[in-house]
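Only one structure is covered here, and it is reproduced in the block below.
The values are calculated or read from the model by the stated rules, or taken from the named source; none is laboratory data. Given the structure is predicted, the values throughout are model-derived calculations rather than measurements. Counting neighbours? That spans all protein chains shown, and the Cβs are built from the backbone with ideal geometry, glycine included.
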Amino acid sequence: MCVLVYNNDSLFKWKHLGKGVITLTHIEKATDFLMQGFHCSQALTGAFAEEFGYNLKNVMKLSTCFGGGMHCGGLCGCVTAATMIFGMAFGLYDPQDKELESFGYKNADEFFYRFRERMDGKTLCREILGKDFSKPEELAVIRREGLVKKVCPHVLQVSIEIIEDMLRQQDEEGMYVRLDSADFEEIEKLQTVIRSVNKQNQFRNSVHQLVHSSDKRIGFIQFDIRRFKIINDLYGEKFGDEVLFFIQDNLKALCNHRQFFLNLRSDVFMVVTEYNDDRELMGFIQEIEKVSASYKDVKLQLAFGVYSVDDRDMEIRQMEDRAAMARTAAKENAVSNVIFYEEQFKELLYNRKFIEENMHAAIEEKQFKMYLQPKYSISRNKIVGAEALVRWIHPERGMVYPNDFIPVIEENGFIKMVDYYIWEEASRFIKKCTDIGIADCPVSVNVSRHHLKETDFIQVLMEDIKRHQIEKSLLELEITETANDEQIGQMAMRLKIDGFTLLMDDFGSGYSSLNVLLETPFDVIKLDKKFMDNMMASDKGKLILEHMVSMARELGLGLLAEGVETKEQVELLGKIGCNNVQGYYFARPMPQEDFFELLKKDRGV
Ligand code: C2E
Ligand code: MG
Ligand code: MG
């Protein structure tokens, strides 16, 4: 709730209960405007405008016209501005409301008489200044002697004292047009926008000066908090805000007078610093990272994009954009959280834009296609299943591969739509196979981590299974393993209880630990291609692989090697007992129609 309060000096102040006091008095505000070069009527109206819900910039423009009166040696601008303020306060909107109209006149009259009295009978601009704006030679004197800045603050003060007193009276009499809370919210929003624009301008001015005055190197560092949305979802927005304040405070403490920072939006921060060498710059980044590593026991992971300025004539905004591109790359990078700008980022950014602009149409126009890659048994030389892999056939671009668009749609959540589509296609395909008597070829679908936060997706899977009347065991789920992810562990358990077959995808590609074999209820481990390649490169690796195979067997886990490309690999895998494989050596992913034919041939149907 908002109320108007008066302090002991009888000056108005705004108090927004619960959110602190905006402490600038009208006189302070008006004097500030005057010193910035606005004329007195602008300064006066500007000092009140936002309180009545008006846009400051528009009011400043509007009250420029009062300068015309002064120029002709007419009324002091404060008098005309005061009438405008009463207009803003008591607002005549209803043309029939004669009472308010006469009330408006009354206020204008009262102000005028009181003003004349306080100004010893002087009400004209030329009387007050002692010089006439409209006469060039006198205007020169006004300027030379700085008369406006000498004389007008007093006139503003007199005007404000009268206006405040009159507003207070009206308020007591209940005539004051109070704003309701919705208006205040609007005002607050407006003030927030204005404050943020001012901050951005200030930041960019300081950065501009630094870039053009420093003889050291200049670094633009943009960073954000990884998975900030999840922090907000899990702990609430209030906690999220606290985290942002915490980061701001850290930056305040870290930055010296030649290092500038700005909270660009949400969890995105920009820091600009001068530095001597890369070590110093990295040291500074590590410092930011260290002090912001956690807040109230919640770990914060920052992703940094850095642009080291190589062309000082470039616009500041462009430099920021380059740091932003590097930040986007840092977010996607699993190995390093600090990425320096490189020219090729521009292309990445265009790619991202292309995906975001085209993905909705792609679903609607069925541009996503399900490809199937067979899984083979080495010993039986038979197809034992298939993996469903999405392909995007864009009408102009042609085939777009998952690695080029999945990271983007995973970030914006659109992956859910694509997965739903593929699951449905896979279910339909399974039905098609069972209809011709092939009921032993399970199809595995990929389940993005995105689904695993909520249980909605289980419903979707269940409906697919029901609608197409297929066996649950024929629709297998591939989930990528990651370190210590409790959420995934729990969800996997839930899926297991619901009777799904779970495949752990990409085992060995990143954070694998043998613990996951123990702790999660997977049925099959899919060994990642890179892991396999690494292991097969040395005798030691081959030994590890061999032991993994026997361990999986003893644990009752199925094993499948992905990305098998050569005869040697097939032979070795066969020898150590890893019987199930998937890879180019046997077949590439293919359109579902082709796989259907292949499968029929394989089964002799
Ligand atoms: P993944 O699930 O590990 O799928 C296996 C990837 O390895 C596929 O890449 C496949 O084409 C590729 N591959 C298979 N055999 C070989 C081989 O012998 N050599 C090489 N070099 N590669 C081989 P693809 O289709 O490009 O998919 C890449 C990744 O994108 C997938 O990795 C999966 O994580 C994701 N993905 C694909 N389709 C979907 C989908 O419908 N939904 C979700 N959520 N993710 C998908
Ligand atoms: Mg997979
Ligand atoms: Mg895989």
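Answer with yes or no whether residue 464 is charged (D, E, K, R) and over 35 Å from the mean Cα position of the chain (by Cα). Against the criterion (charged (D, E, K, R) and over 35 Å from the mean Cα position of the chain (by Cα)), residue 464 does not qualify. Could you check, for the range 233-252, whether at least one of its residues is surrounded by 13 or more Cβ atoms within 10 Å (Cβ to Cβ), touching a residue at least 24 places away in the same chain (Cβ under 8 Å) and farther than 30 Å from residue 413 by Cα? The answer is yes, given that some residue of the range 233-252 is surrounded by 13 or more Cβ atoms within 10 Å (Cβ to Cβ), touching a residue at least 24 places away in the same chain (Cβ under 8 Å) and farther than 30 Å from residue 413 by Cα.
Being over 30 Å from residue 234 (Cβ atoms), surrounded by fewer than 20 Cβ atoms within 10 Å (Cβ to Cβ) and modelled with pLDDT of 90 or more, is that true of even one residue in the range 329-345?
yes
One residue stands out in the range 570-585 among those that are in a loop (DSSP other than H, G, I, E, B) and within 16 Å of ligand 2 (Cβ to nearest atom): the one that is surrounded by the most Cβ atoms within 10 Å (Cβ to Cβ), namely 582. Exactly one residue out of 517, 452, 545, 503 is in contact with a helix residue (DSSP H, G or I) (Cβ under 6 Å, 6 or more places away or on another chain), closer than 26 Å to residue 572 by Cβ and either assigned to a helix (DSSP H, G or I) or within 15 Å of ligand 2 (Cβ to nearest atom) (or both), and it is 545. The condition (being within 23 Å of residue 229 (Cα to Cα), part of a loop (DSSP other than H, G, I, E, B) and small (Gly, Ala, Ser)) is satisfied by just one residue among 329, 334, 323: 334.
The single condition among (1) away from ligand 2 (no atom under 16 Å from the Cβ); (2) modelled with pLDDT under 90 that residue 462 does not satisfy is (2). What residue, among those in the range 525-534 that are over 19 Å from residue 486 (Cα atoms) and either in contact with a strand residue (DSSP E or B) (Cβ under 8 Å, 6 or more places away or on another chain) or hydroxyl-bearing (Ser, Thr, Tyr) (or both), is nearest to ligand 2 (Cβ to nearest atom)? Within the range 525-534, the match that is nearest to ligand 2 (Cβ to nearest atom) is 526. Among residues of the range 434-450 being touching a strand residue (DSSP E or B) at 6+ places or on another chain (Cβ under 7 Å) and among the β-branched types (Val, Ile, Thr), the one that is nearest to residue 406 (Cα to Cα) is 447. Every test in (1) more than 14 Å from ligand 1 (Cβ to nearest atom); (2) modelled with pLDDT of 90 or more; (3) not basic (Lys, Arg) is passed by residue 528 save one, and that test is (1).
Contact map, the range 445-460: residues that are more than 18 Å from residue 230 (Cα to Cα) paired with residues that are among the hydrophobic types (A, V, I, L, M, F, W, C) and within 15 Å of ligand 2 (Cβ to nearest atom), Cβ distance under 6 Å, separation 6+ or inter-chain. Pairs shown: 445/388; 445/422; 445/423; 445/426; 447/477; 447/479.
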